[in-house]
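Notes to accompany the following structure.
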Amino acid sequence: MEKLFYLNPAENKDEALPLGNGRIGAMLYGGVSEDVYTLNDDTLWSGYPRDRINPMASSCLEDVRKLISEDKLRAAQDLAEQRMYGSWGQSYLPAGRLTVSTDHNEFSDYKRTLSLDEAVHTVEYSTRSLSCKREAFISCPDDVMCIRYSGSSNLSLHIGLDSKLKFNTFCENGMLFLEGEAPGDCVPSYIKSKEKARYSDVSSLRAMTFTILVQVRTDGGKTVCRDKKIFVDNARAVEIYLTIRTSFSGYNRHPYLEGINHKEKCLDVMAKIRDMSFDVIKKRHIDDYSNLYRRLELDLGNGFDDVPSDRRLADFSQNKNDLSLYKLMYQYGRYLLISCSRPGTQPANLQGIWNEELAAPWSCNYTTNINVQMNYWGALGSALAECCQPLHKMIYELKESGTQTAREHYSASGFCVHHNVDLWRITSPMGAWGLNTTKYAYFPLAGAWLTRHLFEYYSYTLDKEFLGGSAYEAIKASVQFCDDMLVEDESGKLIFSPATSSENMFVYNGENCSLSKSSAMFQSIVRDAFEIFVKCSDILDRDREYADYISKRLKRIAWLEIGSKGQILEWDREFHESDIHHRHLSHLYALYPAKMIHTKPLKQACRRSLELRGDAGTGWSCAWKICLWAMLGDGNRALSLIDRLMTPVRECQVNYSGGGTYPNFLNAHPPFQIDGSLGLLAGINEMLAQCENGKLILLPALPDKWSFGFVKGLQVSGGYTVDLSWQNGELKTVRIKSLTGKIPEIIYKGRNLEYDKFSGKQQ
């Protein structure tokens, strides 16, 4: 069984363990005298739908372009910050906290476990005379969190609810309720403000409301609901059932004026499970969860599975022979994605669905210049295609809201998205004058980047019905926007101008600047979007005339250039970077995730760019580098970055070059972000198998250290399921299942592989 386990309760959030069903999230501390469960709902955000477009933006673009053409780059940036950007987005918020108090002050033989195979959290310990146990899980089929305390003949508990938001608790019909309200506005943590959360009494300015409902069942004993708590005395076992609902009724509907009745929704959940036992709900949960989790098996060698997980991680920094820890980290990433992204839920944000802070770093939003995309890079390869559905739905919603932004900001057709998105599907740029916000605020190509995920889904599943629906319309709309924004440079090539390289800056005339005439990232995204659309048109036999037009435009798009150090030029000129070790690898977008670089000179230039950037960086930056080195076929360098990602860290402030892994195996930005853990999935997938130009490449970046191992159920673009085993660093067996029934050309160590010699028969 794959699991995390610890011999002490969690002392802080970096030791607590996550549970989730896609919609409800909880962090479990595993305390004895007082146990704490911090709670989240994926739709509990501040704010409400509103128009956040800067009315001055539409007249600004040509003025900015003119200043850039005159090499007045800092002036162009200042103008953009004064006239192009709008208000900040809103924040993902914590729902509340469930506390359960016991009279067990002295204990021994303590152990808490998170089973990755079943998504069940268990705490076991002994008092002077009793053996005690508790189990917890969050069911997706029944939409309820279930906790069972057992092992004592005289179990007494005090159960309470509270919240960091405005709230009120009360008892009704033997059940405990918390009803709360989110603020109408939350100021991002990085903006100085005395008042971070702003509430209003005006109905139109009020925001999300919500209910947390707790119901208790006991075996024996006495249960009383009073003083805004539930008291249980002398029971043999206690079962706690909890659910959460908000008033959210759609990204474009006011949550206070047009919201759903969340209390009734909670009562409906409890009514549906009224006749179900704890064990029945648990079985339904495990069956549902394991249907996803058990699709893929991975073995990368033996290790110290009997060592507590926090000590194991700490020991790994000194002794990296714990080979099975790599597998555990990989499967933990799959566990997290299953737990925070299911059909019908919101997509995974910066922290998945596990945020305890009222003013979380970066508002715990959807950062679309790398982070939300990275959350889903590894989903398809690790056999979790269903978990992509929330992302797809968000893209379709962004197409609707982003159409207005394209029209009013840029006088362009199609749709666009900038670097931050919230529950209300903001697509306009967020920034302010004098704060150097252009480096992240001006990123109108997030929509085009996001739509590549739609084509990726098709490339793995070969689902033409999916591709021909809303996916195609979103892809086409992103291309229309890109095309409208293209201009000719001095050589007649087409460039997207102005441009940035996400969050990086360069020095020009002694000043830090972000805006340039063009950038490698912008050119790569546009080229990628055009190529994808042409492929879609061919696959679906649609819009042939428009596809021909885009094909002609594609040939004119300015492409990557190589600088004096042998590197990919990040901007249109060889500027001096403000930070040569910057965490973003935006200029290497074409290598990964787009997989557009096939020539030796450009691959060498990408390698040189990575060498110049260095290995330091945040957790997600490290994960991106793992993927990039895998694409270059350097498994040992990729593994060194995996080792770096697994460096143990403790709670700390925001750090842009830290990275590492907390004792609970969540990845550090720092602070905690989920993207590094999920990006690792993609990196390992690419190390084991890749598809390039229709050819299946096996073990393209296998590190020397992983000399023995196997993978079963790995998904590869082209509709392939691949089972591999290797021994002494050499491929041993191959099994391929193809959705088309055809076996592709297979490459191993640069040579064609005769499939029958390794497999015998197609699986």
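Observations
- Contour excess over end-to-end distance, with Cα ends at residue 579 and residue 541 and 0.36 nm allotted per residue: 9.0 nm
- Between residue 596 and residue 253, the C-beta separation translates, for a Förster distance of 60 Å, into a calculated FRET efficiency of about 0.90.
- Put the Cα centre of the range 62-96 next to the Cα centre of the range 552-606 and the gap is 24 Å.
- Note on the range 592-699: Kirkwood radius taken over Cα pairs, Stokes-Einstein applied at 10 °C and 1.306 mPa s, translational D equal to 112 µm² s⁻¹.
- Column: log10 I(q)/I(0), Debye, Cα scatterers of the chain, q = 0.06, 0.07, 0.10 Å⁻¹: -0.37, -0.50, -1.03
- Likely footprinting exposure, 572, 275, 219, fewest C-beta neighbours within 10 Å first: 275, 219, 572
- Prolate/oblate/rounded call for the range 356-495, Cα gyration tensor, a/c under 1.5 rounded: oblate
- Using the Cβ-Cβ distance between residue 509 and residue 170 with R0 = 45 Å, the FRET efficiency computed as 1/(1 + (r/R0)^6) comes to roughly 0.10.
- The range 359-462: relative contact order as a whole-number percent, Cα under 8 Å and 6+ apart: 28 percent
- FRET E, pair residue 72, residue 199, Förster distance 35 Å, beta-carbon r, rounded to 0.05: 0.20
- Gyration tensor (alpha-carbon) shape descriptor, the range 170-307, a/c threshold 1.5: oblate
- All other residues whose Cβ lies under 13 angstrom from that of residue 269 are scored, Lys and Arg at +1 and Asp and Glu at -1, for a net of +1.
- Once the chain from residue 129 to residue 712 is taken as fully extended at 0.36 nm per residue, the excess over their C-alpha distance is 205.3 nm.
- Value of relative contact order over the range 417-574, rounded to a whole percent, pairs C-alpha under 8 Å and six or more apart: 21 percent
- The residues neighbouring residue 69, those whose beta-carbon lies less than 14 Å from its own, together hold a net charge of -3 under the Lys/Arg +1, Asp/Glu -1 convention.
- Cα→Cβ-extended label distance, 7 Å offset, between residue 561 and residue 408, nm: 3.7 nm
- Residues in the range 84-109 reached by a label modelled at residue 51 [backbone nitrogen below 17 Å; 7 Å Cα→Cβ]: 84-88
- Residue-span extension gain [residue 318 to residue 742] - 0.36 nm each, minus C-alpha spacing: 148.0 nm
- Label separation (residue 553 vs residue 604): 3.5 nm, computed from points 7 Å beyond Cα along the C-beta direction.
- Contact order relative to length of the chain, as percent, for alpha carbon pairs under 8 angstrom and 6 or more apart: 12 percent
- As a rough guide to protection, the peptides 112-125, 223-236 ranked by mean Cβ packing within 10 Å, highest first, stand as 112-125, 223-236.
Coordinate-derived values only; no laboratory data. As the structure is a prediction and not an experimental result, all values here were calculated from the model. Please note: Cβ atoms are built from the backbone with ideal geometry, for glycine as well, and neighbour counts cover all protein chains shown.
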